[in-house]
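In what follows, a structure is listed as structure tokens, so that the remarks can point back to it.
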Amino acid sequence: MLVLGYGRIGKYLSKMLKNQGAIVLVYARRKEIKVEIELDGFTSIELDKIPANIDTIFNTVPEEIFKNETNAHKIELASKSGFKYKENVINGAGLPGKMFPKTAAKYIYDEIKTILTIQERT
């Protein structure tokens, strides 16, 4: 799993995914945030180093930063899309992450888990 951004939602979402056994890669642009990512037990990754076999990409950054075409599940959690290619993007923008990040991350995680389980069955 790839999480774009390591703010409030990105942090909690990364932890929840890891607790469920996922391998979590995290992208952040600032050096001090990359250090925090590593200290929290995740792998900090640059956009040009993302493996082609990434299954799911979660965007929490409100600007277009992911410009690669991919077959990965793309889940938009920011108010403005971070994906250049808008095909196959699940839109979760506008969730109350700014005011209630822990609760929002839990609901987002539960919904994503449900969506991915349904997609695996079809």
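When the chain is fully extended, how far beyond the present Cα-Cα distance does residue 15 get from residue 30, taking 0.36 nm per residue of separation? Could the numbers behind the result be given before it?
Values: separation 15, 0.36 × 15 = 5.40 nm, distance 1.97 nm.
My answer for the length gained is 3.4 nm.
Could you work out what % of the accessible surface of the chain is carbon and sulfur, using a 1.4 angstrom probe and leaving DNA, RNA and ligands out of the count?
Values: 3920 of 7530 Å².
Its accessible area is 52 percent carbon and sulfur atoms.
Provide the per residue accessible area, probe 1.4 Å, for the chain, rounded to a whole number of square angstrom.
Numbers: 7530 Å² over 122 residues.
Here the residues of the chain average 62 Å² of exposed surface.
Any chance you could run the full-extension gain for residue 90 through residue 39? It's 0.36 nm times the residue separation minus the Cα-Cα distance, nm to one decimal.
Values: separation 51, 0.36 × 51 = 18.36 nm, distance 3.00 nm.
Difference between extended and current length: 15.4 nm.
Would you mind checking the stretch 27-53 for residues with the amide N under 13 Å from a putative spin-label position 7 Å along Cα→C-beta of residue 67?
Those under the cut-off are 47-48.
Apply the Karplus parameterisation 6.51 cos²θ - 1.76 cosθ + 1.60, with θ equal to phi minus 60°, to every residue of the stretch 22-36 and state each ³J(HN,Hα) to the nearest whole Hz, in sequence, with x for glycine and proline.
Values, residue by residue: 6, 7, 10, 9, 10, 9, 9, 8, 7, 4, 5, 6, 4, 5, 4 Hz.
With +1 on each Lys and Arg Cβ and -1 on each Asp and Glu Cβ, how big is the dipole of the chain about its Cα centre, in debye rounded to the nearest 20?
Details: 19 positive and 15 negative charges, 68 e Å.
That gives a dipole near 320 debye.
With r defined as the distance between the Cβ atoms of residue 53 and residue 119 and R0 fixed at 22 Å, what FRET efficiency is calculated, to the nearest 0.05?
Using R0 = 22 Å, I get an efficiency of 0.85.
Using helices alone, I'd like the mean residue ellipticity at 222 nm for the chain: each DSSP H run of four-plus residues gives -39500 (n - 2.57), total over residue count, nearest 500.
Numbers: 3 runs with 42 residues, N = 122.
So the calculated ellipticity at 222 nm is -11000 deg cm²/dmol.
P(r) of the chain in 5 Å steps, Cα pairs, percent per bin?
2, 11, 23, 26, 22, 12, 2, 0, 0
Full-extension gain between residue 103 and residue 23, please, as 0.36 nm times their residue separation minus the C-alpha to C-alpha distance.
The residue 103-residue 23 span can extend by a further 26.6 nm.
Using only the heavy atoms of the protein chains and a 1.4 Å probe, how would 3, 61 rank by accessible area, largest first?
Values: 3 0, 61 30 Å².
Order by accessible area, largest first: 61, 3.
Compare 91, 19, 71 in a GNM of the chain, Cα atoms joined below 10 Å, and give the one with the largest fluctuation.
Answer for the Gaussian network model of the chain: 19.
The values are calculated or read from the model by the stated rules, or taken from the named source; none is laboratory data. It should be emphasised that the depicted structure is a prediction, and the values quoted were computed from it without experimental measurement. Glycine gets a Cβ as well: all are built from the backbone with ideal geometry, and neighbour counts include every protein chain shown. These area figures cover heavy atoms from the full protein model, side chains too; ligands, DNA and RNA do not enter into them. Shrake-Rupley method; radii C 1.70, N 1.55, O 1.52, S 1.80 Å.
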